[in-house]
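The values are calculated or read from the model by the stated rules, or taken from the named source; none is laboratory data. Keep in mind that what you see is a predicted model, and the values were worked out from it rather than measured. Cβ placement follows ideal geometry from the backbone for every residue including glycine, while neighbour counts extend to all protein chains displayed.
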Amino acid sequence: MRATGPDSLLIIVPALNEEGAIGGVVRSIHQEVPGVPVLVIDDCSRDDTVARARAAGAEILPLPHHLGLGGCVQAGYKLAFELGFQYVIRVDGDGQHDARDIPSVFQKLRSSGCDMVIGSRFLGADGWPTGLVRGLGIRFFRLVLRPILGKQVRDPTSGFVGVNHRALAVFSRSFPLEYPEIEALVVLQRRRFRFAEVPSTIRPRLTGRSTITAVKSLYYILHVLLGVFVNVLKFDGRLRRRPGQSDTGG
Ligand SMILES: Nc1nc2c(ncn2[C@@H]2O[C@H](COP(=O)(O)OP(=O)(O)O)[C@@H](O)[C@H]2O)c(=O)[nH]1
Ligand SMILES: [Mg+2]
């Protein structure tokens with residue numbers, strides 16, 4: 001797995017017990033973006049995820065300990081950064097993201113100069129109905145994030161996200177450990193980085209289980225809310241202490 005050229009792209013796929021979907025996910029990525037390496041980061045799955053991903057042609061980063069989603073994604077960012085990739089797109093291993101949307105995320109990353117491009121389920125023709133609780137959570141976080149980010153983000157919990165090398169440098173050093181998507185936006189915004197959204201299809205999960213069940217939703221909301229405000233305070237404090245200096249540390 002090598003980064004070649006100024007537009008080198010790596011697809012990272014976090015996976016935990018996704019034996020039912022992972023093979024199809026990897027094959028569909030190879031089909032849509034041939035020649036682009038696919039790295040499955042296995043968070044100590046107890047099923048056949050690794051063998052099926054490997055059989056489908058993916059590279060595997062097997063984590064020695066279960067890290068949770070944020071740690072798993074960050075491990076992928078770290079490796080991509082060390083290997084010199086210029087762009088990284090995360091596609092989930094459960095088959096909810098559609099590989100056919102990868103080219104538009106990649107195109108937007110290169111043409112807009114944005115540091116992060118989010119595949120949004122709410123920008124397409126008819127959007128995608130989320131569950132009631134998640135739908136309310138998304139609306140709530142849109143409101144919370146609007147003044148912090150300075151513009152609206154339609155799908156702040158989307159895991160279908162592309163980043164460029166500048167964002168990769170930040171995320172390989174500093175990335176939220178649990179439920180990372182919303183906090184990661186704030187981490188970038190505090191550094192004055194830019195994001196954009198492009199329409200994408202997000203399919204219902206067919207196999208396995210989502211980490212965000214209805215029961216966990218309240219915990220999720222409180223946890224993420226706290227993380228958002230800690231990031232706002234942390235970076236405001238740093239900006240005050242070091243006016244005029246750029247801050248790319250973790
Ligand atoms: N590494 C890791 N991956 C996870 C964990 N939970 C979920 N994933 C993977 O991360 C992706 C997104 O998780 P998912 O539960 O589908 O989140 P949702 O789509 O936002 O409900 C999937 O590919 C999962 O296999 C976890 O605890 N650790
Ligand atoms: Mg999912």
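Comparison of ARG146, ARG121, ARG110, ARG90 shows that the only residue that is surrounded by 14 or more Cβ atoms within 10 Å (Cβ to Cβ), more than 22 Å from ALA21 (Cβ to Cβ) and not hydroxyl-bearing (Ser, Thr, Tyr) is ARG110. Applying the criterion of being part of a loop (DSSP other than H, G, I, E, B) and within 15 Å of ligand 2 (Cβ to nearest atom) to the residues of region 20-44, the residue that is surrounded by the fewest Cβ atoms within 10 Å (Cβ to Cβ) is GLY20.
Among the residues of region 71-87, those that are within 25 Å of ARG110 (Cα to Cα) and crowded, with 16+ Cβ neighbours inside 10 Å comprise VAL73, GLN74, ALA75, GLY76, TYR77, LYS78, LEU79, ALA80, PHE81, PHE85, GLN86, TYR87. Put simply, of LEU168, LEU206, LEU225, LEU185 the only residue that is within 15 Å of ligand 1 (Cβ to nearest atom) and at pLDDT 85 or above is LEU185. Scanning region 85-124 for residues that are part of a helix (DSSP H, G or I), away from ligand 1 (no atom under 16 Å from the Cβ) and in contact (Cβ under 8 Å) with a residue 24 or more places away in the chain gives ARG100, PRO103, SER104, VAL105, PHE106, LYS108, LEU109, ARG110, SER112.
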